[in-house]
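What follows is a short report on a single structure.
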Amino acid sequence: MTYTKIVGTGRYLPERILTNFDLEKMVDTTDEWIRTRTGVERRHVVAAEQTTSDMCVEAAKIAIDDAGIKVTDIDMVLVGTTSPDLIFPNCATLVQHRLGIPACPAIGMEAACTSFIYALTTADKFIKAGEAKCALVIGAECISKLVDWTDRNTCVLFGDGAGAVIVRPSEEPGIVATHLGADGQYKDLLYYPVGASKDLHKAGTDQASIMMTGNEVFKVAVKTLGNVATEVLAKAGIHQDELDWLVPHQANIRIIQATAKRLDLPLEKVILTVQDHGNTSAASVPMALDVGRRDGRIKPGQLVLMEAFGGGFTWGSVLLRM
Ligand code: UT7
């Protein structure tokens, strides 16, 4: 049987760091409120001229180097993002060109914070079908450019960054199960009000920003992420006790704690980056995976559960052996 194996990871975080204390000077908030309600202490924010593809390229170079492959080995590029440079061409196409990757499928995936999980799951299917031999899969986000920096309900939560993985076919596991879902009935709880075919040229739309009913999102996120985790384990016939690591979407420490509790998993077995990165949407899971691998906690052969939840709502999980 062919499995899809992660053979390299990388991440890029913009240079500029915005702390909770910096935010205290910008909106009516406190470090204490942000830390206790969300777990966030600081986040990275792109420079004015920096784009999502800029961050993707940097994260991808590190993952390519880590995997010990050449750019010419790559035969598929997937970029999960909600903040692409352009409406088109898609971000994956820009990344392919900038890295000098030969002609291949270049797919943009848009599922809000779940975009990377959607992209990795898609790559897994292509690899298992024999349609791809080496895929570059990225989750990246310039979410700071979609945020209203005068709205304390949202601006304290988010950060920018990119995480990349290289996946290849392997006889050894590998991704053992995936699970994706969505329910559009919740579209009004978390959305961006302007798009290519809606109000793009309307006066005042440059003032548009992320709209979120935070506490309602919170409730559905806690319930859904618990289910997402148990469903993927059931699909693989694996008991939660066997899990070595949970690599969750880093939206809020309290949501992560609730998921860990549902899995009976101590927080020592959870890779946490929310304190340093904030919620980086599509970038949060691949960046957390890279953090855990590079600091030596996540080791080859260990069982890892990655999961995410975002606007739509969308959700998904990937269970894999490193
Ligand atoms: O990425 C995937 C999707 N996103 C999420 O998963 C986010 C899910 N939601 C959350 O993480 C939480 O709901 C938030 C962190 C956004 C908010 O926490 P909460 O405990 O749900 O607070 P709340 O929205 O119910 O607001 C409680 C109070 C309000 O004041 P009143 O009405 O009680 O007087 C807010 O106005 O906290 C106030 N508040 C703030 N106070 C200080 C809201 N934001 C801030 C702030 N600083 N930044």
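The values are calculated or read from the model by the stated rules, or taken from the named source; none is laboratory data. Remember, predicted model here, so these are calculated numbers, not experimental data. Backbone-built Cβ (ideal geometry, glycine too); neighbour counts: all protein chains shown. Calculation scope for accessible area: heavy atoms of the full protein, side chains included, ligands and nucleic acids excluded. Shrake-Rupley method; radii C 1.70, N 1.55, O 1.52, S 1.80 Å.
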Solvent-accessible surface (1.4 angstrom probe) belonging to W149, in square angstrom, nearest 10 = 70 Å²
Assuming a viscosity of 0.692 mPa s and a temperature of 37 °C, what translational diffusion coefficient in µm² per second does Stokes-Einstein assign to the chain, Rh being the Kirkwood radius over Cα pairs?
-> 169 µm²/s
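Kindly state, as a whole number, the per residue volume in cubic angstrom of the convex hull around the alpha carbon atoms of region 101-152. Mind dumping the intermediate values first?
Working: hull volume 4.5 nm³, N = 52.
It is 87 Å³ per residue.
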Whole-percent tail of the Cα-Cα distance distribution for region 261-302, cut at 15 Å, equals 48 percent
Could you work out the per residue convex hull volume over the alpha carbons of region 121-266, in cubic angstrom?
-> 158 Å³
Computed D for region 239-322, Stokes-Einstein, Kirkwood radius over alpha-carbon pairs, 10 °C, 1.306 mPa s, to the nearest µm² per second, is 124 µm²/s
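Could you tell me which trypsin sites (Lys or Arg not before Pro) in region 216-268 are loop residues by DSSP with no more than 11 other beta carbons within 10 angstrom of their beta carbon?
Numbers: sites: K219, K223, K235, R254, K261, R262; in loops: none.
In loop regions of region 216-268 (DSSP not H, G, I, E or B), there are no sparsely surrounded trypsin sites (Lys or Arg not before Pro).
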Any chance you could look up the accessible area of Y186 with a 1.4 Å probe, heavy atoms only, rounded to 10 Å²?
-> 70 Å²
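Thinking of region 156-225 as a set of Cα atoms, what percent of all their pairs are more than 21 Å apart? It would help to have the intermediate numbers written out before the result.
Working: 1358 of 2415 pairs.
I get 56 percent for the Cα pairs in region 156-225 exceeding 21 Å.
How much area per residue is accessible in the chain when the probe is 1.4 Å and only protein heavy atoms are counted (Å²)? It would help to have the intermediate numbers written out before the result.
Details: 13590 Å² over 322 residues.
So the chain comes to 42 Å² accessible per residue, rounded to a whole number.
Counting only Cα atoms, I'd like the Rg/Rh figure for region 116-197, Kirkwood definition for Rh. Intermediate results must be reported in sequence, preceding the final value.
Numbers: Rg = 17.1 Å, Rh = 15.8 Å.
Ratio of gyration radius to Kirkwood radius for region 116-197: 1.08.
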Run the quick spin-label model on K70 and D295: label points 7 Å from Cα toward the beta carbon, then report their separation in nm to one decimal.
-> 3.6 nm
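Sum up the charges of everything whose Cβ sits under 11 Å from the Cβ of Q275, counting Lys and Arg as +1 and Asp and Glu as -1, but leave Q275 out. Please report the intermediate quantities before stating the final value.
Numbers: positive: R35, R42, R43; negative: E41, D276.
Charge balance near Q275 sits at +1.
Take every Cα pair under 8 Å in the chain that's 6+ residues apart, average their separations, divide by the length, and report that relative contact order as a whole percent.
Working: 796 pairs, mean separation 82.6, N = 322.
Once divided by the residue count of the chain, the mean separation gives 26 percent.
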Taking the convex hull of the Cα atoms, report for region 60-208 its projected area averaged over all directions, in nm².
-> 10.7 nm²
How much accessible surface does D75 have with a 1.4 Å probe, in Å² rounded to 10?
-> 40 Å²
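Considering all projection directions equally, how large on average is the shadow of the alpha-carbon convex hull of region 17-65, in square nanometres? Let's see the in-between values first.
Details: hull surface 18.4 nm².
Its average projected convex-hull area is 4.6 nm².
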Cβ-defined net charge surrounding G163, 14 Å radius [Lys, Arg +1; Asp, Glu -1] | -2
Rounded to the nearest 0.05, what FRET efficiency do A129 and F21 give with R0 = 41 Å and r taken as the Cβ-Cβ distance? Could you check?
-> 0.25
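Calculate what fraction, in whole %, of the accessible area of region 131-195 sits on carbon and sulfur atoms when a 1.4 Å probe is rolled over the protein chains.
Working: 1210 of 2540 Å².
Carbon plus sulfur share of accessible area: 48 percent.
For region 1-106, take the convex hull of the Cα atoms, compute a quarter of its surface area, and give me that in nm², please.
Working: hull surface 38.9 nm².
Over every viewing direction, the Cα hull of region 1-106 projects on average to 9.7 nm².
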With the Cα gyration tensor of region 189-304 giving a ≥ b ≥ c as the square roots of its eigenvalues, does the rule (a/c under 1.5 for rounded; else a/b larger than b/c for prolate; else oblate) give rounded, prolate or oblate?
-> prolate
